[in-house]
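The values are calculated or read from the model by the stated rules, or taken from the named source; none is laboratory data. This one's a predicted model, so the numbers in the text were calculated from it and none came from an experiment. Here the Cβ positions follow ideal geometry from the backbone for every residue, glycine too, while neighbour counts run over all protein chains shown. Remember, those area values only see protein heavy atoms, side chains included, never the ligands or the DNA or RNA. Shrake-Rupley method; radii C 1.70, N 1.55, O 1.52, S 1.80 Å.
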Amino acid sequence: MSIAQTIEFEQRGDHLGWLVALEGERNVPFPVKRTYYIYGTLPGARRGRHAHHTLRQLMVCLSGSCKVLLDDGQSREEILLSRNTQGLLLDPMVWHEMYEFSEGCVLLVLADNWYDEADYIRNYDAFKAACR
Ligand code: TYD
């Protein structure tokens, strides 16, 4: 079983161009309370490097590509995000790191709650201990 589920979004549009619609509690399986985007990442940088106690998130790479390392405390998995019709669901208690960002990569993230630093686990050893 994989650590994170991926969702394929329907691509809409016509000969003029394309559109993907994301709707909370419809094709996004939680109520969306916050949206943020990650861009302008320096070459070689690793972002994320944390887990959340309760937050659910969905990542979509809108432009370019990046890799995501997922770690549930027992196993690890690497996913390449390179299509804006694919969403990666991040459950609570999954350590994630984003890296190998292509030039101009824009990563959209939808979350089921507001930003709360207290929900973060930023220390890997503390994450491993919390998994036990
Ligand atoms: P951080 O979690 O360190 O992101 P990354 O590892 O991807 O670079 O967040 C960067 C900064 O942005 C940090 O000061 C926290 C702040 N932040 C918010 O204010 N709101 C948010 O929704 C998020 C995700 C981060």
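If only residues of the stretch 19-61 that are hydroxyl-bearing (Ser, Thr, Tyr) and within 14 Å of the ligand (Cβ to nearest atom) are counted, the one that is surrounded by the most Cβ atoms within 10 Å (Cβ to Cβ) is Thr41. Each residue in the stretch 9-18 was checked for being open to solvent by 70 Å² or more (accessible area, probe 1.4 Å), touching a strand residue (DSSP E or B) at 6+ places or on another chain (Cβ under 6 Å) and part of a strand (DSSP E or B), and 1 pass. Among the residues of the stretch 108-122, those that are open to solvent by 30 Å² or more (accessible area, probe 1.4 Å) and either farther than 14 Å from Met93 by Cβ or in contact with a Pro (Cβ under 8 Å, 6 or more places away or on another chain) (or both) comprise Asp112, Asn113, Trp114, Tyr115, Asp116, Glu117, Ala118.
What pairs come out if I take residues in the stretch 64-88 that are without any contact (Cβ under 8 Å) to a residue 24 or more places away in the chain and of a type in the set (A, V, I, L, M) and pair them with residues that are part of a strand (DSSP E or B) and open to solvent by 20 Å² or more (accessible area, probe 1.4 Å) whose C-beta lies under 8 Å away, six or more apart or interchain? Sorted first by the residue in the stretch 64-88, then by its partner, the pairs are Leu80/Lys67. For beta carbons closer than 8 Å, sequence separation of 6+ or different chains, a first residue in the stretch 104-118 that is closer than 21 Å to Arg46 by Cα and a second that is more than 12 Å from the ligand (Cβ to nearest atom) and in a loop (DSSP other than H, G, I, E, B), the qualifying pairs are Gly104/Gly64; Cys105/Gly64; Cys105/Ser65; Val106/Gly64; Leu110/Leu22; Leu110/Val32; Ala111/Val32; Ala111/Arg56. Residues Asp112, Asp119, Asp72: which one is acidic (Asp, Glu) and under 13 Å from the mean Cα position of the chain (by Cα)? Every option except Asp112 fails the conditions. Please specify each residue of the stretch 117-132 satisfying the condition of being closer than 30 Å to Asn27 by Cβ, of a type in the set (Asp, Glu) and more than 9 Å from the ligand (Cβ to nearest atom). The one that is closer than 30 Å to Asn27 by Cβ, of a type in the set (Asp, Glu) and more than 9 Å from the ligand (Cβ to nearest atom): Asp119. Filtering the stretch 65-83 to residues that are among the small types (Gly, Ala, Ser) and open to solvent by less than 50 Å² (accessible area, probe 1.4 Å) leaves Ser65, Gly73.
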